[in-house]
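Down below is the structure, laid out as structure tokens.
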Amino acid sequence: LIRTFFIEAYVIPTPSMERSLLVGDFLFVSKVNYGARTPMTPIAFPFAHHTMPLIGTKAYWDGIKLPYYRLPGLSDIKKGDVVVFNYPMDADSPLYRPVDKRENYIKRCQGMPGDTLSVVNGQVYVNHKAMPNPPGEQMEYSYTTTGVDINPQIFTDLNVTTYEGHANPAMTQESANVLKGYSNVKSFALVLSQKGVSDSNSPVYPTNPGHPVGLMLNGKQHDFKWSVDNYGPIIIPKKGWTIKLDTITFPLYVRAIKVYENNKVQLVGNDILINGEKTDTYTFKMNYYWMMGDNRHDSDDSRFWGFVPEDHIVGKALFIWMSWDDNASFFSKIRWSRLFRGIH
């Protein structure tokens, strides 16, 4: 009852929110703030989310599914909130998990229902206004030296990290300002994806082949020429909003219509059929959100797989009650300065 309706503990497993949240941070997440979601898959093994420990089988029975309902909460989600939600792509093959049994993700809400969101040279804009950058936001930088290498201790002190699969180090703006001031740093530049060009090395929604939206109107894939640092503009669906379906809007919203709102979508020639009826419009039944990690080049977020439906929202991250560094020495594994720190 406590875990379902009030508060639950989570741990940060990946660096997607660094340096706001670190790998090994243990969080308390409130179900009360946004309103607790009643169980949708009620028959499940206690204290196991979707997979049984050791044996690896499903920890739930999806023979009974209840409709989505959320109790009244203390507040609505706000832009800038750090939110735990169920990973929408777990709806797909091979997992086909029910909504409340999909993997838990944690990101920062950057866009609300009805907002127009874009990313321009790494800066998020909502309704044509620049969003405040998170205090721990990390970007990648490239640099050259005069021939004298930078002392590795400087990287440690500034929390500069080169993540697996990335050629350039990631750091906060504050660390970047310090590092580029060293006398042996010859050049220093922010690494950004090119504007107006689709990035084949890191394809984004809705043209990401790793997360295909499915149906293509007129049999063609529209090239939005978007990338992780130059994305959109895109309008986030809002409950009651009616859109006209065409070659541009259809690939953006067909997943929400088909997968999240459980409609049968067919293409017959150039005609769109929703639940067997020909149409060129659709009215959304739910609100949606846009979630992004603070570690902008090492985060699997809405830029790659799209919108988060309201029925996927789990709760609001409140504070860190424990922080454990696996890479530190034995006497330094607990990050004492992070204990009982609020999440902003």
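The values are calculated or read from the model by the stated rules, or taken from the named source; none is laboratory data. These numbers were taken from a predicted model, which means no experiment stands behind them. Don't worry about glycine lacking a Cβ; one is built from the backbone with ideal geometry, like all the others, and counts go over all protein chains shown. Keep in mind that these areas ignore ligands, DNA and RNA; they rest on the heavy atoms of the full protein, side chains included. Shrake-Rupley method; radii C 1.70, N 1.55, O 1.52, S 1.80 Å.
General remarks:
- Filter result (open to solvent by 40 Å² or more (accessible area, probe 1.4 Å) and either more than 19 Å from the chain's Cα centre (by Cα) or among the basic types (Lys, Arg) (or both)) within region 131-144: Ser142, Tyr143, Thr144
- Scope region 237-266; condition over 19 Å from Phe224 (Cβ atoms) and touching a His at 6+ places or on another chain (Cβ under 9 Å); matching residues: Tyr260
- Across region 209-268, the qualifying residues are those that are among the polar types (S, T, N, Q) and under 20 Å from Leu117 (Cβ atoms), and the one among them that is farthest from the chain's Cα centre (by Cα) is Thr242.
- Strands (runs of 3 or more DSSP E) within region 1-108 that include 3 or more residues closer than 21 Å to Ile320 by Cα and open to solvent by less than 20 Å² (accessible area, probe 1.4 Å): 25-30, 82-86
- Taking the criterion of being touching a helix residue (DSSP H, G or I) at 6+ places or on another chain (Cβ under 9 Å) and open to solvent by 60 Å² or more (accessible area, probe 1.4 Å), the residues of region 220-245 that qualify are Gln221, His222, Ile235, Lys239.
- Flag if Val308 is out of contact with any Pro (no Cβ under 7 Å at 6 or more places or on another chain) and either surrounded by fewer than 24 Cβ atoms within 10 Å (Cβ to Cβ) or at pLDDT 95 or above (or both): no
- Sole exception among (1) farther than 26 Å from Met17 by Cβ; (2) in contact with an Asp or Glu (Cβ under 7 Å, 6 or more places away or on another chain); (3) crowded, with 16+ Cβ neighbours inside 10 Å; (4) not aliphatic (A, V, I, L, M) for Lys278, by number: (3)
- Candidates are the residues of region 145-159 that are in a loop (DSSP other than H, G, I, E, B) and either among the small types (Gly, Ala, Ser) or open to solvent by 40 Å² or more (accessible area, probe 1.4 Å) (or both); the one that is farthest from Leu179 (Cα to Cα) is Gly147.
- Only one of Phe331, Phe250, Phe284 that is among the aromatic types (Phe, Trp, Tyr) and touching a Leu at 6+ places or on another chain (Cβ under 7 Å): Phe250
- Residues (out of contact with any strand residue (DSSP E or B) (no Cβ under 6 Å at 6 or more places or on another chain), of a type in the set (A, V, I, L, M, F, W, C) and in a loop (DSSP other than H, G, I, E, B)) located in region 260-289: Phe284
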